[in-house]
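Quick note: the coordinates plus some simple rules give every number you see, no bench work behind them. Source: prediction; values computed, not measured. A quick note on method: Cβ atoms are made from the backbone with ideal geometry, for glycine too, and the neighbour counts reach across all protein chains shown.
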Amino acid sequence: MNPVDAEGREDHPLLHHQVRDIASRGEGELTEVVHERHGGRLIRIAYIQPASGIGWSTAAENIGPAR
């Protein structure tokens, strides 16, 4: 796993690079990966911002480099 700061932000290797979300098939810049607790579980959430339009979030496991 990648290093995580005190606020729960992960130093992901694709941060600020173009990524593809396999769940939505959307592409955009990975702006943040955060670790959040939900129902006693720790989940990793990726935030993606497309070149134009509204950004979205997805499970960090759903992202990969854009081609």
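Using a 7 Å offset from Cα along Cα-Cβ at Ala51, what residues in the range 1-43 end up with backbone N under 14 Å from the label point?
From the range 1-43, the list is 18-19, 27-29.
Please turn the phi angles of the range 24-33 into ³J(HN,Hα) values with the Karplus equation 6.51 cos²θ - 1.76 cosθ + 1.60 (θ = phi - 60°), one per residue in order, whole Hz, x for glycine and proline.
The phi angles translate into 9, 6, x, 10, x, 7, 6, 9, 6, 10 Hz.
How would you order 10-22, 38-50 from highest to lowest mean count of nearby Cβ atoms within 10 Å?
Listed from highest to lowest mean packing, they are 10-22, 38-50.
Tell me the net charge near Asp5. Cut-off is 12 Å between Cβ atoms, Asp5 excluded, with +1 for each Lys or Arg and -1 for each Asp or Glu. Intermediate results must be reported in sequence, preceding the final value.
On the way: positive: Arg9; negative: Glu7, Glu10, Asp11, Glu32.
So the environment of Asp5 carries a net charge of -3.
For Ser24 and Ala6, calculate 0.36 nm times their separation in residues minus their Cα-Cα distance, and state this gained length in nm to one decimal.
Using 0.36 nm per residue and subtracting the Cα-Cα distance, I get 3.5 nm.
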